[in-house]
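First the structure, in the form of structure tokens, and then the observations on it.
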Amino acid sequence: MAFAHYLLAVPVEPSPNFPTNPPKPNPSLSSSSSSSISSHCFNLSSSLRPKHSLFSRFRRICHKAKVKPQEPEVTVASDAFTQFKHLLLPITDRNPYPSEGTRQAIATTSALAKKYGADITVVVIDAQQKESLPEHETQLSSIRWHLSEGGLKDYNLLERLGDGNKPTAIIGDVADDLNLDLVVISMEAIHTKHIDANLLAEFIPCPVMLLPL
């Protein structure tokens, strides 16, 4: 519990029965003498009291107020990595048979989906139109096979081919439209310049898992 301290000026009227600075009794005197002196001190006439100025009539007291700590409004980062409901697996590999990095991303996404009971959306991205990709169907069949090897049968498969946008921007659009919780990307896609790492934070609205080779 946090505390905030501040000074508050309060006007105090001098009591007619008490002097401002009552003298201390001499400890060497007897108890009866002390009582007599104390009684005499408390019955001093008001004419003997020092006059109070405007500032001396204010006594500073320390006021202690409890301050309730504010709850953080942002979601804790650790919570974001324990509540996966929908994962995105972007594939920019143009090979008809997935490369090592793509296979690693497929296996990791499959394992996360099974662990958290999450859904998976796979988006295949290529700058060329489908008609210009003679081995495109072979690529899709290979991706489906690796997903089934990971124990996945239910997933969404999207294709974004030849729409003129950068792969990173496409990934961000899909993640935003589907309200995804995590994007899984192999570092291989960054090394091969298919995905611009500098644009990940700008376009992708959710956490990104980068898998080292």
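The values are calculated or read from the model by the stated rules, or taken from the named source; none is laboratory data. Note that the structure is predicted; figures quoted are calculated from it, not measured. All Cβ positions, glycine included, derive from the backbone under ideal geometry; neighbour counts span all protein chains shown. Please note that ligands, DNA and RNA were not included when accessible areas were found on the heavy atoms of the full protein model with its side chains. Shrake-Rupley method; radii C 1.70, N 1.55, O 1.52, S 1.80 Å.
Here are some notes:
- Entries in Lys115/Lys153; Lys85/Lys193; Lys130/Lys193; Lys115/Lys166 that, when Cα-Cα distance is taken, lie over 24 Å: Lys85/Lys193; Lys115/Lys166
- Averaged over its residues, the range 86-211 has an accessible area of 51 Å² per residue, based on protein heavy atoms and a 1.4 Å probe.
- Cα Rg over Rh - the range 86-211, Kirkwood: 0.92
- Neighbourhood charge, 12 Å Cβ-Cβ cut-off, centred on Ser186 and excluding it, Lys, Arg +1 and Asp, Glu -1: -2
- Neighbourhood net charge (12 Å Cβ-Cβ; Lys/Arg +1, Asp/Glu -1) for Gln139: -2
- Using the average count of surrounding beta-carbon atoms within 10 Å as a protection proxy, the listed peptides 101-107, 113-119, 123-129 rank, highest first, as 101-107, 123-129, 113-119.
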